[in-house]
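Read through the structure below, which is laid out as structure tokens, and then see the notes.
The values are calculated or read from the model by the stated rules, or taken from the named source; none is laboratory data. The structure presented is a predicted model; accordingly, all values stated were derived computationally and were not measured. No Cβ is skipped: glycine too gets one built from the backbone with ideal geometry, and neighbour counts run over all protein chains shown. For accessibility, only protein heavy atoms count, side chains too; no ligands or nucleic acids. Shrake-Rupley method; radii C 1.70, N 1.55, O 1.52, S 1.80 Å.
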Amino acid sequence: MPIVNRVADLQPDIQAWRRDIHEHPELLYDVHRTAAFVADRLREFGCDDVVTGLGRTGVVGVIKGRKPGKGDLRGIGLRADMDALPIEEATRLPYASKTPGKMHACGHDGHTAMLLGAARYLAETRNFAGDAVVIFQPAEEGGAGAAAMIRDGLMDRFPIDQVYGMHNNPGLPIGSFALRTGPLMASTDAVDIRIEGLGGHAARPHLCIDTVLAGAQLITALQSIVSRNVDPLEAAVVSICEFHAGNARNVIPQTAELHGTVRTLTAEMRKLVEKRVHEVVAGVAQATGTKIDLNYERGYPVLVNHASQTDFAIEVAKEIAGDANVGEMPPMMGAEDFAFMLEQRPGAFIFCGNGDSAGLHHPAYNFNDEAIVFGTSYWVKLVENMLAA
Ligand code: NI
């Protein structure tokens with residue numbers, strides 16, 4: 001049995017917690033019920049310390065190992081996310097969301113339940129030296145909850161020398177894991193542009209400054225950043241996804257607005273694209289005679305897995321799933337705010353298989369309870385192996 005036997009015993013409880021959380025989805029920082037549920041369980045399990053309200057609604061539990069002696073590490077952090085999404089659930093499950101317009105469509109219900117399962121096992125057995133720090137964060141979905149917990153002292157108040165994260169992955173078979181060293185997920189920056197021209201009659205364009213034409217030129221020019229400034233062997237995305245202008249076919253509008261996103265896989269590329277967006281905007285403004293305001297806001301950083309911690313995580317995953325079921329994950333241009341934690345401490349982010357389910361953020365998505373024993377076993381083995389006396 002590659003999975004931890006005691007974890008298999010705990011599976012029904014973990015599944016029940018998962019379904020309870022699934023039924024009661026909460027958004028961003030507003031995860032009060034979920035956080036209270038988590039904190040109650042952690043106290044029940046006998047965690048040595050349970051701290052709530054970190055990063056507004058984050059929860060941290062500390063479990064001290066019973067093994068004497070200590071290695072180089074004071075402790076390691078294991079992180080799960082608790083928030084749901086503003087999506088109308090379409091699963092028709094008996095435990096489907098009871099709140100219209102909100103659902104656990106990214107499996108954070110499963111992540112939270114699996115880490116709770118690991119906390120229960122670790123508090124029961126304590127077969128390690130040092131501290132296991134379980135971290136439950138709010139607002140992963142665009143709210144930078146990880147950064148908020150770090151600002152509230154997460155890394156200084158708790159003995160976290162390394163930090164690990166996990167996410168389920170639809171399409172990856174149940175009982176398998178995937179990860180890679182180095183950049184795994186992209187930085188994501190927001191681009192908000194407001195173009196001011198001179199509105200007027202469509203039949204008299206020479207007396208106007210056309211914001212629609214300027215916006216169209218800007219979108220085209222911004223595309224040249226990826227095609228002409230970025231090394232073709234590097235990855236970057238510039239997507240302008242909103243263009244708002246005008247409300248009549250015979251009026252040249254006074255203003256136009258564009259909104260988009262920039263994704264990159266290295267800090268250098270991020271800097272380059274940001275610089276070029278500023279330059280291109282300034283150039284198009286000059287060429288068209290418009291005034292263009294650019295608000296470029298940096299969001300989540302690149303998620304970079306550290307080499308030796310990733311190698312260690314791969315060995316743990318192989319112990320649980322077997323050599324053939326731990327694969328290399330190609331980098332992707334989606335973002336994940338665990339990246340903030342990996343900027344603070346070395347560690348690794350791993351994907352666990354969710355089988356043939358609907359995709360993440362889809363109204364028919366559901367976390368697969370069959371993944372529980374694998375994900376939870378990974379957590380407990382990671383602690384026992386990394387904090388072996
Ligand atoms: Ni997610």
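May I ask for the longest run of the chain untouched by GluC sites (Glu not before Pro) that are loop-located per DSSP and have at most 14 neighbouring C-beta atoms (other than their own) within 10 Å?
Result, exposed sites excluded: 235-389.
If the cut-off is a Cα-Cα distance under 16 Å, which aspartates and glutamates reach K291, setting aside same-chain residues fewer than 8 apart in sequence?
Hits, sequence-local ones excluded: D192, E196, D210, E257, E279.
Cut-off under 20 Å on the C-alpha distance; same-chain residues fewer than 8 positions from K67 excluded. Which lysines are left, in chain and number order?
In chain and number order, the partners are K381.
Using heavy-atom solvent-accessible surface (probe 1.4 Å) with all chains present, what is the largest-first order of W379, W17?
The ordering from most to least exposed comes out as W17, W379.
What's the carbon and sulfur percent of the stretch 1-107's accessible surface, probe 1.4 angstrom, rounded to a whole number? Could the numbers behind the result be given before it?
On the way: 2430 of 4900 Å².
Whole-percent figure for carbon plus sulfur exposure: 50.
Run the numbers on the stretch 294-376 and let me know its relative contact order in percent, using alpha-carbon pairs under 8 Å that are six or more apart.
34 percent.
Explain nothing, just the number: relative contact order of the chain, from Cα pairs under 8 Å at least 6 residues apart, as a whole percent.
Working: 931 pairs, mean separation 96.6, N = 389.
After rounding, I find 25 percent.
At a 1.4 Å probe, what is the % contribution of carbon and sulfur to the accessible area of the stretch 187-298?
Answer for the stretch 187-298: carbon and sulfur cover 53 percent of the accessible area.
Using only Cα atoms, find the angle between the long axis of helix 108-125 and the longest principal axis of the chain, and express it within 0 to 90 degrees, rounded to the nearest 10.
Computed tilt is about 30 degrees.
Build a GNM of the chain with springs between Cα atoms under 10 Å: which of A248, A348, A80 gets the top mean-square fluctuation?
Checking each option, the largest mean-square fluctuation is seen for A248.
Ranked by accessible surface with a 1.4 Å probe, highest first, in what order do D72, D20, D323, D156 come?
D72, D156, D323, D20
Measure nothing fancy, just the Cα-based angle from helix 211-224's long axis to the longest principal axis of the chain, in degrees from 0 to 90, nearest 10.
On a 0 to 90 degree scale, this one is about 50.
Just to confirm, what accessible area per residue do you get for the chain at 1.4 Å probe, in whole Å²?
Per-residue accessible area for the chain comes out at 41 Å².
Find the relative contact order for the stretch 187-298 and round it to a whole percent, using C-alpha pairs within less than 8 Å whose residues are 6+ positions apart.
44 percent.
Take the Cα gyration tensor of the chain, multiply each eigenvalue by 5, square-root it, and list the three semi-axes largest first, rounded to whole angstrom.
Working through the eigenvalues yields semi-axes of 44, 22, 19 Å.
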